[in-house]
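Engineer: A single structure is presented below for examination.
The values are calculated or read from the model by the stated rules, or taken from the named source; none is laboratory data. The structure displayed is predicted, hence computed values, not measured ones. Every residue, glycine as well, gets a Cβ built from its backbone with ideal geometry; the counts of neighbours run over all protein chains shown. All accessible areas refer to the heavy atoms of the entire protein, side chains included, with ligands and DNA or RNA removed. Shrake-Rupley method; radii C 1.70, N 1.55, O 1.52, S 1.80 Å.
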Amino acid sequence: TSSAEVKENRNIGNLEDHPIASTDRARGGTSSSKRKRPLEEGSNGHFCKLQLIWKKVSWSVTPKNALVQLHELKPGLQYKMVSQTGPVHAPVFAVAVEVNGLTFEGTGPTKKKAKMRAAELALKSFVQFPNACQAHFAMGNCISPSTDFTSDQADFPDTLFKEFEPSTHSEDFSVYNPVNNELLSTAYRHGRLLCHTLDLMGHTKPGKHRMAKAESEKNPVVLLNELRSGLRYVCLSETVEKQHIKSFVMAVRVDGRTFEGSGRSKKLAKGQAAQAALQALFNIRLPSHIPSRSKCHHLPQDFADSVYQMVAQKFQELTDNFTSMHARHKTLAGIVMTKGLDIRQAQVIVLSSGTKCINGEYINDQGLAVNDCHAEIVARRAFVHFLYSQLELHLSKRREDWERSIFVRLKEGGYRLRENILFHLYVSTSPCGDARLNSPYEITTDLNSSKHIVRKYRGHLRTKIESGEGTIPVRCHNAAQTWDGVLLGEQLITMSCTDKIARWNILGLQGALLSSFIEPMYLHSIIVGSLYHTGHLSRVMSHRIEDIGQLPASYRRNQLLLSGVSHADARQPGKSPGFSVNWIVGSTDLEVINATTGKRTCGSPSRLCKHMFFTRWAKLHGKLSTRVPSHGEMPSVYSEAKLVAQTYQSVKQQLFKAFQKAGLGTWVKKPPEQDQFLLTV
């Protein structure tokens, strides 16, 4: 037996033989043990007792090792010797332990160290807390996560801790919270220090209380393990970015569905994957894991760079190595489809360019013009075109066609995206609106001289300038524009790209028409080429509408992964071209739209206009109504067809109210007359 152990045993014996009689000391009586100076009466005496306890049992604050922590969480585990390798003078032992149906194997120069390593690996697989007591709390036990006990649970029943109540504060020692002396004496006899009762630092600041509350929330990995035990997390990728910063992508399969998460550590990546599963399967979002205004979700840099390169190379290919007159652009956008975050299976599905909107005099009441030709918006409309094609493919009578579709049929009717298919939006510059305005890389002299204006409208909804560039804050209180007013010269108001992307994060990319057939479809990430700042982008895309409230099933407040690119192309000087181009996978050539008129340069309507989408929707409705009678009669008016998806419309109103409640302005709608056209074949 070591000398340290002997001393510990001697201390424990002393504690058992000479317990502190709290009632005597409170009266100022003397103890049976000799002291050089008697304890003072009142609060001073109480404080001295606490000092004495701290001194006597300070040896017990040592944190537990992984072996003890795992034993507390999973008692009765069996460790097995797997192998012994290496030379005699430097052996390597392998010890394994089975936890939650998974086997964890640790290696080390001794059996003890190998066993310890196996315990560490087992703990990391299902507990993301630094010590066992926090894990107990995460799994629903009643122990405070700030307490680190050094005895087995049996030594201190939960009822003991629940009985600690703060008493009235002393005038002389108002900086600490006194505790129940009798219970403290019991703890003293056990030779254990209850750290959380010695609150010598007084009342913590409100900010610290909030931190403690956040720490007390359950970890998503632990909670998911409670709901679905025996899950296995797989590391899909591990990359090293600049300055040797690592980035991980972890995946977990739950109920036949795969969920992924990324982060600077495996722990963070696992947490993101678990949170995605909790939200999708159980509609659970842990408060402590909702990103704060200072937190952002980052996409692995190498993946982001690969997406950018794929979009740039495809555009180069379509414009004959940038020699075509339509290669000229200020903003380029594209959407890349991947299976998980495997860039080897990535595919560019749409491309677009453009920076202008339609002139008010060309607004069309037959749905034959594209109102907004900004690159991000055209890319989204091209994506909707792609979704129609995929649905038509799924409804094909040929087996090989519907097997190639990205959709699968739901038992209850409708369609959803196949597992693990992700979509990533690349934009060569920050979306117009608040995201670009408040970028630190675009604070001009004029903005510096009027920073108070920028602060006043930070996060505010903004509108695009007709036939021009830039945005202004929403100023009108009337949410609807009038048709005759626009025709008489009033500016046609179009919401900024920043605000529209924020809308997609709630409603999805599919729009109102397709929502009657498919579940909402969200972007997984946004990669921005220039004028990019993660904090600003994250704030305006997600955090402005944190208080939107509970959303219906299948809808969510989407948390985008964000990233810039390592080496962005220089912005092209000169004026923005007056045209917009778009390309969709399966087509051979670019379609060119006159941004002023919203139609093709030849004058015919674009494949992305409302009328074209309504026609395709009507054909799908006819096919699906024979399979699903609940679809009912097909509406003949475009605006009525949009109302078929009632849940989509209610979520949209919920979003608009959330913007207003946050004081960010009113979403401005186009004149209703433009959607009141009949379907003509």
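Engineer: Need one value: the accessible area of M634 in square angstrom, 1.4 angstrom probe, rounded to the nearest 10.
Structural biologist: For M634, the solvent-accessible surface is approximately 80 Å².
Engineer: As a quick test, which of the pairs K266/K330; K246/K575; K500/K619 have an alpha carbon distance above 32 angstrom in this structure?
Structural biologist: Correct reply: K266/K330; K246/K575.
Engineer: Another one. In what sequence, largest accessible area first, do E466, E238, E392 appear using a 1.4 Å probe?
Structural biologist: E238, E392, E466
Engineer: Here's a follow-up. With all protein chains present, calculate the accessible area of I493 using a 1.4 Å probe and round the result to the nearest 10 Å².
Structural biologist: Approximately 40 Å² of I493 is accessible to the 1.4 Å probe.
Engineer: Quick check: residue separation of E419 and Q309 times 0.36 nm, minus the Cα distance between them. What number comes out in nm? Can you show the working numbers first?
Structural biologist: Numbers: separation 110, 0.36 × 110 = 39.60 nm, distance 2.54 nm.
Value of the extension gain: 37.1 nm.
Engineer: What ³J(HN,Hα) values, in whole Hz, does the Karplus curve 6.51 cos²θ - 1.76 cosθ + 1.60 give for the range 383-394 when θ = phi - 60°, with x put for Gly and Pro?
Structural biologist: Rounded to whole hertz, the list is 5, 4, 4, 4, 5, 4, 4, 5, 5, 4, 5, 5.
Engineer: Between L281 and D365, what is the label-point separation in nm under the 7 Å Cα-to-beta-carbon projection?
Structural biologist: Taking the simple label geometry, D365 and L281 are separated by 5.4 nm.
Engineer: Next up: What does the extension gain come out to for Q676 and D569, with contour length at 0.36 nm per residue minus their alpha carbon separation?
Structural biologist: Between Q676 and D569, full extension yields 34.2 nm more.
Engineer: On to the next question. Can you list the residues, at least 5 places off or on another chain, whose amide H is less than 5 Å from the amide H of L299, using H built in the peptide plane?
Structural biologist: The answer is L562, S563.
Engineer: Okay, next question. Let's test the formula: R0 of 45 Å, r as the Cβ-Cβ distance of W483 and V585. What FRET efficiency results, to the nearest 0.05?
Structural biologist: 0.80
Engineer: Express the relative contact order of the range 79-118 as a whole percentage, based on alpha carbon pairs under 8 Å and six or more residues apart in sequence.
Structural biologist: 33
Engineer: Under a 5 Å amide H to amide H cut-off, with H placed in plane at 1.01 Å, what residues pair with V254 once short-range neighbours are removed?
Structural biologist: Amide H neighbours of V254, under 5 Å, 5+ apart: F259.
Engineer: Between T647 and Q347, with labels modelled 7 Å along Cα→Cβ, what's the label distance in nm to one decimal, could you check?
Structural biologist: 2.7
Engineer: Which of the peptides 614-621, 552-559 is most tightly packed, and how do the rest follow, judged by the mean count of other Cβ atoms within 10 Å per residue?
Structural biologist: 614-621, 552-559
Engineer: With a ≥ b ≥ c taken as the square roots of the eigenvalues of the C-alpha gyration tensor of the range 79-118, please select rounded if a/c is under 1.5 and otherwise prolate if a/b is larger than b/c or oblate if it is not?
Structural biologist: prolate
Engineer: Hey, another quick one. Taking the Cβ of P91 as the centre, find all other residues whose Cβ is under 12 Å away and add up their charges (Lys, Arg: +1; Asp, Glu: -1).
Structural biologist: So the environment of P91 carries a net charge of +2.
Engineer: For the range 480-554, what relative contact order do you get, as a whole percent, if you take Cα pairs closer than 8 Å and at least 6 residues apart?
Structural biologist: Dividing the mean separation by the residue count of the range 480-554 yields 32 percent.
Engineer: Suppose accessible area is computed on protein heavy atoms with a 1.4 Å probe; arrange S563, S516 from highest to lowest.
Structural biologist: Result, largest first: S516, S563.
Engineer: Extension gain L102-E238, at 0.36 nm per residue separation less the Cα-Cα distance, in nm?
Structural biologist: The span from L102 to E238 would gain 46.7 nm if fully extended.
Engineer: A follow-up question, please. Kindly report, to the nearest 10 Å², the accessible surface of K623 as traced by a 1.4 Å probe over protein heavy atoms only.
Structural biologist: About 110 Å², ignoring ligands and nucleic acids.
Engineer: Using heavy-atom solvent-accessible surface (probe 1.4 Å) with all chains present, what is the largest-first order of Y308, Y79?
Structural biologist: Largest accessible area first, the residues go Y79, Y308.
Engineer: Another one. Net charge around H524, counting only other residues with Cβ within less than 12 Å of its Cβ (Lys, Arg = +1; Asp, Glu = -1)?
Structural biologist: 0
Engineer: Further, regarding this structure: Which peptide among 360-368, 269-277 comes first, and what is the full order, when sorted by highest mean count of other Cβ atoms within 10 Å?
Structural biologist: 269-277, 360-368
Engineer: In addition: Set the Förster distance to 60 Å, then compute FRET efficiency between Q316 and A553 from the Cβ-Cβ distance, nearest 0.05.
Structural biologist: 0.90
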